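The values are calculated or read from the model by the stated rules, or taken from the named source; none is laboratory data. All figures in this text were calculated on a predicted structure; none of them were measured in a lab. FYI the Cβ positions are ideal-geometry reconstructions off the backbone, even for glycines, and counts take in every protein chain you see. To get the accessible areas, we keep the full protein, side chains included, count just its heavy atoms, and leave off ligands, DNA and RNA. Shrake-Rupley method; radii C 1.70, N 1.55, O 1.52, S 1.80 Å.
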Amino acid sequence: MTSSPNTPWAGYQPVQAWDEAVDLDGKVREPYSRVYAEIDRMSGDDLYSRAEALASTYLAQGVTFDHAGEERPFPLDIVPRVVGASEWDIISPGVAQRVKTLEAFLADVYGSQHCVNDGVVPRRLIATSQYFYRSAAGIDPANGVRVHVSGIDLVRDQHGIWRVLEDNVRVPSGVSYVLSNRRAMSQMFPDMFGAMGVRPVLEYSQRLRAALAKSAPDDVDDPTIVVLTPGVFNSAYYEHSLLARTMGVELVEGRDLETHNGRVYMRTTAGRRRVDVIYRRVDDDYLDPVVFRPDSTLGAPGLVHAARLGNVTIANAIGNGVADDKLIYTYMPDLTRYYLGEEPILPNVDTWRLEEPEARAEVMDRLHELVVKPVDGAGGKGVTIGTKASAQELDAVRAQILEDPRGWIAQPVIQLSTVPTLTDDGLEPRHVDLRPFAVNDGDDVWVLPGGLTRVALARGQLIVNSSQGGGSKDTWVLGGVRQRRGATTPPPESRVELAGIGSVPQAAHPDDVEQGQQQQQQQQQGEPSC
């Protein structure tokens, strides 16, 4: 780098990880050349003032998340993450391949279980998975899609190789921040955004709506689609509201739905209206009190029966959580070869299955240098990083592993790639991951160009989840249409109005606030955190 000592880049020094903007010799990597040059022309005060303006905009718009029980503005860093076109040409087909494998696995595991009978996956692994629901067997989606929406978490290791960290095919959250981040950043840097040919993301809602419509029961030509939310106390309610509004469909709670003769209806001021597709953001356990938790008021009695009869489509499908099990994750390379006859495009992170005695013995000897995760964990909860854990913490994890080996996996510590991030001390490298979102309509798997980049805001922190204090970045995938040099028209994405961005509405049923708050906070444990 040859930046002036007065620019924000002064003193920026990559750590011993793959820095996506600057290599260890100080050379700016090509995808970041334009971003580097633009920031290099600014003063530090200018960059901070833009960051403050961005934060104020988010606060005014109510773009929030739940952290330690407190609703806070979602941190959006002013420096975008840039992904080159050649990198995206690996990521996009790799994510699509992953989704197709997960679809095949779920259809099989709730059907004939060929993968078990052929010895690809042990039967006991399926039977002991917390999220394998026998009640989901025999529910065949109208167009064969169980994973309508997925969030596949990727990391870039110290060699710059993209790897899959985990799969999220239950109720993956975070896409609302992708849409909100893009609109805010395209207004903040309109010239740079247009000149770099950043691929658009705001078609996501219409892609999702079209996929949901295609999943409707066979006898429905003009389906009624709803978004089912646990309610205003859920940490992802902002997202539920945004998606419903941008798709142009109704946002409903469980009490707004009822079932009659195996069909689902929603109550409206004009009377009952049949519902054909439910994009649910309620976890399985709370979806239908007849089948799952009898004390739940977040869903509606009879939903599972209606789905079994083929009268309503529930997206994502019930029972998908078995594919999120981190032990199933370890079999994904074999399952890709088994179902698709292809080699995985995106490799896994090396993983030890602690139910296997030899692997468990090795991990116990190396616990201080590995990462240990619960197989059913989400949001970074329950993760122990051995290199940063105390002796007492390691002893506690060791005891938990011995008590329930099936409940844990271990992985090497991956030095996640870093990206320039604005801190109180200027621009510094911070670790990031990436959650690309994919929409499956039964004919094609479309991968949203970019996805949610989550950034660990604390120096040296490797857990990036917002629930653990992380923030986000707008992810710019290059290779789109570039604007003419000198054009004054703002990029299209800055002109799109997201109708869902605004203040969070109040509860529709104030008499039930206390009960609803308790159940919605419980349900958050089931919805993977962004």
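Computed in the context of the full set of protein chains, the accessible area of region 207-351 at 1.4 Å probe radius has 45% of its extent on carbon or sulfur.
Taking DSSP loops as anything outside H, G, I, E and B, show the longest stretch in the chain free of trypsin sites (Lys or Arg not before Pro) there with at most 16 other beta carbons within 10 Å. The reported range is 42-365.
Cross-link reach is defined here as a Cα-Cα straight distance under 21 Å, omitting same-chain residues fewer than 8 places apart; for residue 100 the lysines meeting it are 214, 326. Between residue 33 and residue 459, residue separation times 0.36 nm minus the direct Cα-Cα distance comes to 150.9 nm. The eigenvalues of the Cα gyration tensor, multiplied by 5 and square-rooted, give region 18-133 an equivalent ellipsoid with semi-axes of 44, 24, 12 Å from largest to smallest.
Among beta bridges from DSSP that stay inside the chain, the antiparallel ones total about 75%. Placing unit charges on each Cβ (+1 for Lys and Arg, -1 for Asp and Glu) gives the chain a dipole about its Cα centre, and among 90, 223, 372 the Cα reaching farthest toward its positive end belongs to 223.
Gyration tensor analysis over the Cα atoms of region 159-228 returns equivalent ellipsoid semi-axes of 30, 20, 12 Å (largest first, whole Å). Centre-to-centre, using Cα atoms only, region 308-334 and region 435-482 are separated by 22 Å. For the chain, the membrane-span-like helix rule (DSSP H, alpha carbon extent of at least 30 Å along the helix axis, mean Kyte-Doolittle at least 0.0) picks out 85-109; this says nothing about an actual membrane. Of the residues 112, 162, 133, the one whose Cα sits farthest toward the positive end of the charge dipole of region 112-164, with +1 on the Cβ of Lys and Arg and -1 on the Cβ of Asp and Glu, is 133. Accessible area per residue for region 277-381, computed on protein heavy atoms with a 1.4 Å probe, is 35 Å².
Computing FRET efficiency as 1/(1 + (r/R0)^6) for residue 337 and residue 158, where r is the C-beta to C-beta distance and R0 is 45 Å, gives about 0.95. Near residue 264, the amide H atoms lying under 5 Å from its own belong to 275; only residues 5 or more places off or on other chains count, and H is placed 1.01 Å from N.
Comparing Cα centroids, region 237-275 and region 126-182 end up 24 angstrom apart.
Given their separation in residues at 0.36 nm each and the Cα-Cα distance between them, residue 86 and residue 13 gain 23.7 nm when the chain is fully extended. Between residue 272 and residue 444, the simple label model (points 7 Å from Cα in the Cβ direction) yields a spacing of 3.9 nm. Taking square-rooted eigenvalues a ≥ b ≥ c of the alpha carbon gyration tensor, is region 349-448 rounded, prolate or oblate, where a/c under 1.5 means rounded and, failing that, a/b exceeding b/c means prolate? Cα axes put region 349-448 in the oblate bin. Just to be sure I understand: if I project the alpha-carbon convex hull of the chain onto a plane and average over all orientations, what area do I get in nm²? The orientation-averaged projected area of the Cα hull of the chain comes to 25.3 nm².
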